[in-house]
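Structure first, commentary second.
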Amino acid sequence: MDVKARKRWSLLILLIGLPLYIVVAVTLVNWMDRAWGRQPILVEVLVYVALGILWALPFRRVFRGIGKEE
């Protein structure tokens with residue numbers, strides 16, 4: 001995939017995919033609150049950090065080298 005196509009895909013992922021993923025992550029934490037009660041703040045932070053890393057792993061190749069010149 002050339003740099004121009006990766007830039008387009010990365011923009012699409014960041015503008016559409018990331019907000020959708022944030023909604024899913026917050027919904028998951030809210031579901032955890034309803035199912036098991038409020039978790040300690042450290043557990044919630046760990047869930048958010050894990051989900052924050054997890055979303056980027058499949059798109060690693062798309063984002064690699066985006067900031068470099070063509």
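Just so you know, all these numbers are worked out from the coordinates, no wet-lab data involved. Everything numeric in this text was worked out from a predicted model, so none of it was measured. For neighbour counting, all protein chains shown are included, and Cβ atoms are generated from backbone atoms with ideal geometry for every residue, glycine included.
Data overview
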item: Percent of C-alpha pairs per 10 Å bin, the chain, short to long; result: 18, 40, 24, 14, 5, 0
item: Length-normalised contact order for the chain - Cα pairs under 8 Å, 6+ apart - percent; result: 59 percent
item: Listed residues Gly37, Gly52, Gly17, most fluctuating in the chain (Gaussian network, C-alpha, under 10 Å); result: Gly37
item: Under DSSP loop assignment and at most 12 Cβ neighbours within 10 Å, longest trypsin sites (Lys or Arg not before Pro)-free interval of the chain; result: 1-37
